[in-house]
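The values are calculated or read from the model by the stated rules, or taken from the named source; none is laboratory data. Being a predicted model, the structure only gives us computed values, none of them experimental. Cβ coordinates were reconstructed from backbone atoms using ideal geometry, including for glycine residues, and neighbour counts include every protein chain displayed. Side chains are part of the model used for accessible areas, which takes the heavy atoms of the whole protein and leaves out ligands, DNA and RNA. Shrake-Rupley method; radii C 1.70, N 1.55, O 1.52, S 1.80 Å.
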Amino acid sequence: MGSASTFGDDLDFLRRHTETLVLTEADGAARVALCPALQGRVATSTADGLAGRSFGWLNRELIASGRQDPHMNAYGGEDRFWLGPEGGQFSLFFAPGASQDLAHWQTPAPIDAEPFTLAERGEDRALLRKTMRLINASGTVFDLEVEREVQLYATERTWREVGLAPRGGVSKSGREGGRVKAVGFETRNRIVNRGAAPWLHETGLISIWIAGTFAPSPSTIIVLPFRAGTEAELGPIVNDRYFGRVPSDRLAIKGSAVYFRGDGQQRGKIGLSPGRARPSLGSYDAQGADAGVLTLVTYSLPGGARDYVNSLWEHQREPYRGDAINSYNDGPPAPGAKALGPFYELESSSPALALAPGTSAEHVHRTLHFVGAPEALDEVARAALGVGVADITSAFSGPA
């Protein structure tokens with residue numbers, strides 16, 4: 001089920017169907033593919049040149065077809081720009097008066113089907129822009145300008161994001177498996193209120209919402225570290241109410257982390273509130289005894305911010321008690337129905353944005369991949385997520 005594509009394979013495919021830019025670092029090993037017409041999304045990346053593994057999940061059938069799908073164009077990609085909330089009385093995905101169910105759910109065209117404009121381009125950086133008008137479920141109009149800056153990291157910067165120096169050579173056991181290959185990039189996502197009126201809590205606020213889409217596998221486990229504290233102080237550890245409660249064989253809380261299966265077999269979504277979230281989340285795909293991929297996301301998490309849009313598909317008593325980070329595992333929405341992918345997602349959001357006319361806000365989302373033997377990736381996982389590779393792979397065995 002996991003993708004076997006190389007970066008070169010995916011790049012050739014993308015260039016046959018849409019304009020695709022490649023950002024490179026100085027030595028050319030780490031690369032990022034960016035598609036302006038697909039809403040400025042980072043389609044995929046690699047740590048090892050054209051022959052290296054391609055990390056983003058791509059919906060090749062949809063991209064090649066040139067068609068527009070109802071509800072959502074699930075093109076895939078490692079970093080796509082969206083805006084929240086998805087559900088509730090201030091939803092951007094449901095028309096005023098519409099039932100909040102799958103039949104009436106529609107991703108707004110400016111973030112789903114329309115191109116972004118490439119404004120600047122360098123070897124390792126690109127800047128894209130888009131103006132748009134959106135209307136929420138309460139009828140509030142938002143006129144805004146979006147600016148996305150995509151920056152590929154130098155290798156040293158990728159490692160610095162997890163507080164470590166680059167790892168190479170042999171492992172402690174003397175095996176070549178000690179070498180780790182890495183790629184990292186960030187998107188700086190800025191929105192400006194271009195309307196004449198301020199954005200107010202009582203008529204609905206919006207948030208910057210970034211999602212990365214990755215190929216699932218039976219061995220992929222998603223990790224969301226959380227802040228310890230009582231439920232009275234910080235609220236529930238994890239929110240799994242989005243698409244029905246997630247069963248215990250797919251969602252576990254052990255020690256300081258929430259674990260969630262990223263196998264693309266059953267539709268489900270979880271989230272952590274800003275009081276519980278830490279500034280990193282990730283996933284580990286144990287490809288075999290001698291190889292694995294550790295994917296990490298770090299993001300802007302402003303201290304003290306508590307108003308985050310609530311995306312539950314219902315009329316909400318607390319529309320600003322939403323989640324700062326989310327993970328989605330795709331699967332059939334109903335028995336016998338076709339899944340969107342399948343894929344899994346790692347997502348982050350900005351706080352709810354109460355912007356006066358002409359003012360702006362920014363949200364940074366970083367994606368890092370590390371490839372190597374489990375023992376070599378263990379230190380990276382502990383530095384970034386607070387848990388080791390063995391903790392992740394054993395999350396669904398033994399006592400909770």
Residue hits (the range 53-69; in contact with a strand residue (DSSP E or B) (Cβ under 8 Å, 6 or more places away or on another chain), open to solvent by less than 10 Å² (accessible area, probe 1.4 Å) and within 17 Å of GLN39 (Cβ to Cβ)) are GLY56
The condition from (1) over 19 Å from the mean Cα position of the chain (by Cα); (2) in a loop (DSSP other than H, G, I, E, B) that MET72 misses is numbered (1)
Log entry, pairs with first residue in the range 70-96 being farther than 23 Å from GLU362 by Cβ and open to solvent by 10 Å² or more (accessible area, probe 1.4 Å), second being part of a strand (DSSP E or B) and not hydrophobic (A, V, I, L, M, F, W, C), beta carbons closer than 9 Å, six or more apart or on different chains, reads TYR75/ARG41; TYR75/THR213
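Can you tell me which residues in the range 1-45 are among the hydroxyl-bearing types (Ser, Thr, Tyr) and surrounded by fewer than 16 Cβ atoms within 10 Å (Cβ to Cβ)?
The one that is among the hydroxyl-bearing types (Ser, Thr, Tyr) and surrounded by fewer than 16 Cβ atoms within 10 Å (Cβ to Cβ): THR24.
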Of the candidates PHE185, PHE226, PHE142, PHE214, the one satisfying the condition of being modelled with pLDDT of 95 or more, more than 29 Å from GLN39 (Cα to Cα) and either open to solvent by less than 20 Å² (accessible area, probe 1.4 Å) or in contact with a Leu (Cβ under 6 Å, 6 or more places away or on another chain) (or both) is PHE226
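Table: residues versus (1) among the acidic types (Asp, Glu); (2) within 16 Å of the chain's Cα centre (by Cα); (3) open to solvent by less than 50 Å² (accessible area, probe 1.4 Å); (4) under 24 Å from TRP57 (Cα atoms).
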residue: GLY271; (1), (2), (3), (4): no, yes, yes, yes
residue: PRO279; (1), (2), (3), (4): no, yes, no, yes
residue: GLN287; (1), (2), (3), (4): no, no, no, yes
residue: LEU294; (1), (2), (3), (4): no, yes, yes, yes
residue: LEU301; (1), (2), (3), (4): no, yes, yes, no
residue: TYR320; (1), (2), (3), (4): no, no, yes, no
residue: ASN326; (1), (2), (3), (4): no, yes, yes, yes
Kindly check whether there is at least one residue in the range 331-341 that is open to solvent by less than 10 Å² (accessible area, probe 1.4 Å), at pLDDT below 95 and in contact with a Pro (Cβ under 9 Å, 6 or more places away or on another chain). yes
**Item:** Selection status of ALA196, exposed (fewer than 14 other Cβ atoms within 10 Å of the Cβ), touching a residue at least 40 places away in the same chain (Cβ under 8 Å) and in contact with an Asp or Glu (Cβ under 9 Å, 6 or more places away or on another chain)
**Value:** yes
Answer yes or no: is there a residue in the range 239-261 that is assigned to a helix (DSSP H, G or I), of a type in the set (D, E, K, R) and at pLDDT below 95. no
Reported set for the range 92-120 where residues are among the charged types (D, E, K, R) and more than 28 Å from SER65 (Cβ to Cβ) is GLU120
Among the residues of the range 34-52, the number that are over 20 Å from ALA113 (Cβ atoms), part of a strand (DSSP E or B) and more than 16 Å from the chain's Cα centre (by Cα) is 1
*Quick check: anything in the range 364-377 open to solvent by 10 Å² or more (accessible area, probe 1.4 Å), under 20 Å from the mean Cα position of the chain (by Cα) and more than 25 Å from ALA257 (Cβ to Cβ)?*
no
All-but-one check, SER397 against (1) at pLDDT below 95; (2) touching a Ser or Thr at 6+ places or on another chain (Cβ under 7 Å), failing number (2)
Within the range 262-280, residues touching a strand residue (DSSP E or B) at 6+ places or on another chain (Cβ under 6 Å), more than 20 Å from GLU78 (Cα to Cα) and in a loop (DSSP other than H, G, I, E, B) come out as PRO274, ARG276, ARG278
Within the range 53-67, of all residues that are assigned to a loop (DSSP other than H, G, I, E, B) and more than 19 Å from the chain's Cα centre (by Cα), the one farthest from THR158 (Cα to Cα) is ARG67
Report task. Would you check if there is a residue in the range 111-119 being part of a strand (DSSP E or B) and crowded, with 23+ Cβ neighbours inside 10 Å? Result -> no
(message) Take SER256 and tell me if it is under 28 Å from ASN59 (Cβ atoms), touching a residue at least 60 places away in the same chain (Cβ under 8 Å), open to solvent by 10 Å² or more (accessible area, probe 1.4 Å) and not charged (D, E, K, R).
(response) no
